[in-house]
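J.: Have a look at this one before I ask anything.
Each reported figure results from applying straightforward, stated rules to the coordinates on display, with no laboratory input. Note that the structure is predicted; figures quoted are calculated from it, not measured.
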Amino acid sequence: MTRLVTARTELKQLVKAIEGLRTQVHEGDLAIMGHEKDEVRVRHDLERYRDRLGHLGTEQIELDERLRTIAVDDEVTRDRRTFAEARIDELERTQLDLIAEVSSHRDPAREMAQV
């Protein structure tokens, strides 16, 4: 009888232990499913970020090319401006020379007109 009572007590303890293990297994399964969902989400985010990074890299290349084009255009514009300013100075000097020449001929022409 003592052995039977002991066996029943041990059986009850084993049943409780098995139920506890089942609960732990269930909780572990839920945790695994949660981690699997997180993994899918993280992988999706990673793929999305990689795509975005690729697009940003392409945009960076395009912007760098635009900057190079702008720099070349800026240099050409500066050269043209420098040339135009030099040409303006040259034309102004020529204009002043012509005005001086016209002025120098004006007085003799007036004198001839009065005669």
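J.: Report the extension gain between Ala100 and Met1 in nm, rounded to one decimal, defined as 0.36 nm multiplied by the number of residues separating them, less their alpha carbon distance. Intermediate results must be reported in sequence, preceding the final value.
T.: Details: separation 99, 0.36 × 99 = 35.64 nm, distance 14.31 nm.
Contour length minus the Cα-Cα distance gives 21.3 nm.
J.: Using Cα atoms only, what is the angle between the long axis of helix 2-114 and the major principal axis of the chain, expressed in degrees (0 to 90) to the nearest 10?
T.: 0 degrees
J.: Also, quick follow-up: For the chain, what is the calculated [θ] at 222 nm in deg cm²/dmol (nearest 500), taking -39500 (n - 2.57) for each run of four or more DSSP H residues and dividing by its residue count?
T.: -38000 deg cm²/dmol
J.: Once you've got the GNM for the chain with C-alpha springs shorter than 10 Å, pick whichever of Asp29, Asp74, Asp51 has the biggest mean-square fluctuation.
T.: Highest fluctuation among the options: Asp29.
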